[in-house]
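Take a look at the structure set out below.
The values are calculated or read from the model by the stated rules, or taken from the named source; none is laboratory data. Everything numeric in this text was worked out from a predicted model, so none of it was measured. Cβ: placed from backbone, ideal geometry, glycine included. Neighbour counts: every protein chain shown. Ligands, DNA and RNA are excluded from the accessible area calculation, which covers all protein heavy atoms including side chains. Shrake-Rupley method; radii C 1.70, N 1.55, O 1.52, S 1.80 Å.
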Amino acid sequence: MSLLTVRRPGVVTFVAVVVLIQAVMAAAVALVTIGLAGDDRVQSATGLGTAGLVWTGIVEALVAVVLFVVAGGLLSGAQGARLFVAIVEGIRMVTAVIFMIVYHTGGYLYNAVIAVIIGLFVLWALYVYPSSDEYFRRSIPERDFSGRPE
C-alpha cells in the first residue's frame, strides 16, 4: 500500500492547534468542576448540587476526549475529522445567526459575529484553501480499480 505524502498546510495545523487548545481547556474545566463539586460556594454560584457538578465535569471530560481525537485526526489528514469540524462549525454559525436575529445589540451580537467569522475561516481553511484540500485528499491511500489499496 503506497501512501502519497503531502505536506500539511499551515492553516490546517493552526486549526488543529486551536482544537488542541480547546481540548486542554475542556480537560481543565472537567478537573476543576469535579474537584470543586463539593464546595458550597460553587454549588450556590452555579445552582447545581454535587451530582450536577460531577456530571457536568464528566460531560466536559468527554468533550475533551472528542476534541483530542479530532485534533489528532486533523493533524493526520483524516477526512472524518475534517467533516466533524465542518459540521460543528456549521451548527455554531447557524446558532450565531439566530442570536444575531434575536439579540440586535450587545455582547450576543458581537459574539455571534465573531463566531460566524471564525466558522467561515475554519471552513475556508479546511475545504477551500487548495493546499488543504490536496492534503486531505492525498492522505487517503491510492486504490486500483478493484477498490483494494495498491
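Helix 106-123 against the longest principal axis of the chain: what's the angle in degrees, Cα atoms only, rounded to the nearest 10? Tilt of helix 106-123: around 20 degrees.
Taking each DSSP H run with n ≥ 4 as -39500 (n - 2.57) and averaging over every residue of the chain yields -25000 deg cm²/dmol at 222 nm. The label point for Gln22 and the one for Val59, both projected 7 Å from the Cα toward the Cβ, are 1.7 nm apart. Look at the alpha carbon pairs under 8 Å that are at least 6 residues apart: their mean separation over the length of the chain gives a relative contact order of 35 percent. For the stretch 1-64, averaging the sequence separation of C-alpha pairs within contact (under 8 Å, six or more residues apart) and dividing by the residue count gives a relative contact order of 39 percent. For the chain, carbon and sulfur atoms together expose 71% of the accessible surface, with a 1.4 angstrom probe and every protein chain in place. In a fully extended conformation the segment linking Ile98 and Tyr127 would gain 8.0 nm over its present Cα-Cα distance, using 0.36 nm per residue. The simple spin-label model puts a point 7 Å past each Cα toward its Cβ; for Ser76 and Leu109 those points are separated by 4.6 nm. Angle of helix 50-76 to the longest C-alpha principal axis of the chain, folded into 0 to 90 degrees and rounded to 10: 20°. Positive-end ranking of Val12, Leu109, Gly35 along the dipole of the chain, with charges on Cβ about the Cα centre, is headed by Val12.
Once the Cα atoms are used to define both axes, helix 79-102 deviates from the longest principal axis of the chain by about 40 degrees. Ligands, DNA and RNA aside, Leu62 has an accessible area near 110 Å² when probed at 1.4 Å. Projected over all directions and averaged, the alpha-carbon convex hull of the chain occupies 12.0 nm².
Rolling a 1.4 Å probe across the protein heavy atoms gives the stretch 64-126 an accessible surface of 57 Å² per residue.
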